[in-house]
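Reviewing the structure listed below.
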Amino acid sequence: MNAIPSVKLIDGKATAARVLAEVREQVDTLRRGGVQPGLAVVLVGLDAASQVYVRNKVLRADEVGIRSLEQRLPSDTSQAALLDVIDRLNRDPRVNGILVQLPLPDHIDEHQVLQAISPLKDVDGFHSENVGGLAQGRDVLTPCTPSGCMRLLRDACGDLRGKHAVVIGRSNIVGKPMAALLLQADCTVTVVHSRSHDLPALCRQADILVSAVGKPRLIGADWLKPGAVVIDVGINRIDEDGRSRLVGDVDLAAALPYASAITPVPGGVGPMTIAYLMKNTLLALDLQQQAAQRERTACPSPC
Ligand code: GUN
């Protein structure tokens, strides 16, 4: 008889709390030295979900001692006005991280806005310089959700080298950077998407399965290799039995007997995104301090 592996639910809430405690300690040390990291969060418009995300980001920053600056702009803010705000934040020495909450209203060119953020303050890791740096394996700011997933995977699996990771989804926010981070960790990486043939068969090859498609309970038992580690990035709101609830891309009950470790929704990947935003704010400060040091070395006297 095949032994069914014992299942482990990956507790993202607990891991995020550990990451935030590490961040808080580092912030305390910085503040004792007279430096307080700062994070600016920009929200354009009144999208309900975005308002909740932004509120949570600001609250978490305050909790760990990072100075938060919330910029709420009306839905009809012009592209030029938004670029002016970003320019001001780029030049503000008290601001180490800048995040523009997505999606932006339709009349705004998202790419141009993200490219306007200084790459050293780009705590989302969405600027093409950081995207390219990640592809080249350089030490750059990387997107928060995939970075958080990597921490969960390292805690669950230890050494990732040589494992076959399958990423479902090819978004710029999750799928593509997730694949790049897994490749950097020496995994064999397959990216599958809505046009891939026979998704379940491709996913059954995965030692590590990361799903970021946004389809409630798409992934059932027949998509999993026994013993796979499953990271469910999907957060989908459904109505069930007369009430609204959040579920992932993975059918948790169906997957439980097959996965060796799996993130639940809620309480899996979700809390890691904000924790890594805080970590990225400290990394951004560090990169800015290194850049300032390089400038001083290159040009020691005022020139
Ligand atoms: N909207 C949904 N996810 C994200 C994210 O990770 N960063 C930003 N800026 N906006 C988002």
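One decimal place: the segment residue 237-residue 256 gains 4.8 nm when fully extended, by the rule 0.36 nm per residue minus the C-alpha distance.
The local environment of residue 214, defined by Cβ-Cβ distances under 14 Å, has a net charge of +2 under the rule Lys, Arg +1 and Asp, Glu -1. Length gained on full extension, residue 112 to residue 62, computed as 0.36 nm times the residue gap minus the Cα-Cα distance: 15.1 nm.
Among 30, 39, the sequence by solvent-accessible area, most first, with a 1.4 Å probe is 30, 39. Shown is the FRET efficiency for residue 222 and residue 8, computed with R0 = 25 Å from the Cβ-Cβ distance and rounded to the nearest 0.05: 0.75. Of the residues 200, 37, 271, the one that moves most in a GNM of the chain with alpha-carbon contacts below 10 Å is 200.
Run the numbers on the chain and let me know its relative contact order in percent, using alpha-carbon pairs under 8 Å that are six or more apart.
Numbers: 577 pairs, mean separation 66.3, N = 303.
So the answer I get is 22 percent.
The string of couplings for the stretch 251-266 from the Karplus curve (6.51, -1.76, 1.60, θ = phi - 60°) is 6, 4, 5, 6, 7, 3, x, 9, 6, 7, 7, 8, 8, x, 10, x Hz, one whole number per residue in order, with x for Gly and Pro. Name the residues whose placed amide hydrogens come within less than 5 Å of the amide hydrogen of residue 206, ignoring near sequence neighbours (fewer than 5 apart) on the same chain. Amide H neighbours of residue 206, under 5 Å, 5+ apart: 225.
For residue 196 and residue 91, calculate 0.36 nm times their separation in residues minus their Cα-Cα distance, and state this gained length in nm to one decimal. Show your work: numbers first, answer last.
Details: separation 105, 0.36 × 105 = 37.80 nm, distance 4.44 nm.
Roughly 33.4 nm would be gained on extension.
For residue 145, the solvent-accessible surface computed with a 1.4 Å probe is close to 20 Å², ligands and nucleic acids excluded. Remark: the stretch 48-53, residue by residue, has Karplus-estimated 3J(HN,Hα) of 5, 5, 4, 4, 5, 4 Hz, where x stands for each Gly or Pro and the curve is 6.51 cos²θ - 1.76 cosθ + 1.60 at θ = phi - 60°.
Backbone N atoms of the stretch 155-180 closer than 11 Å to the 7 Å Cα→Cβ label point of residue 215 belong to residues 169. Each peptide among 257-265, 82-90, 102-110 gets the average number of other Cβ atoms lying within 10 Å of its residues, and from highest to lowest they stand as 257-265, 82-90, 102-110. Estimated from the Cβ-Cβ distance and a Förster radius of 35 angstrom, the FRET efficiency linking residue 159 and residue 135 is about 0.95.
Between 111, 193, 164, the residue with the greatest mean-square fluctuation in the GNM of the chain (Cα pairs under 10 Å linked by springs) is 111.
Whole-percent P(r), the chain, all Cα pairs, 10 Å bins from 0: 6, 26, 33, 24, 10, 2, 0, 0.
Put 238, 219 in order of accessible area, largest first, 1.4 Å probe: what do you get?
Numbers: 238 30, 219 0 Å².
If we order 238, 219 from most to least accessible, we get 238, 219.
For a bin width of 5 Å, list the pair-distance distribution of the stretch 161-269 built from all Cα-Cα distances, rounded to whole %. Bin by bin from 0 Å, the calculated values are 3, 13, 24, 26, 19, 10, 3, 1, 1, 0.
Distance from the alpha carbon centroid of the stretch 114-177 to that of the stretch 28-92 works out to 21 angstrom.
The values are calculated or read from the model by the stated rules, or taken from the named source; none is laboratory data. Here the structure is a predicted model, which is why all the values come from computation and not from measurement. As a convention, Cβ positions derive from the backbone with ideal geometry for all residues, glycine included, and neighbour counts pool all protein chains shown. The accessibility values were calculated without ligands, DNA or RNA, using every heavy atom of the protein model including side chains. Shrake-Rupley method; radii C 1.70, N 1.55, O 1.52, S 1.80 Å.
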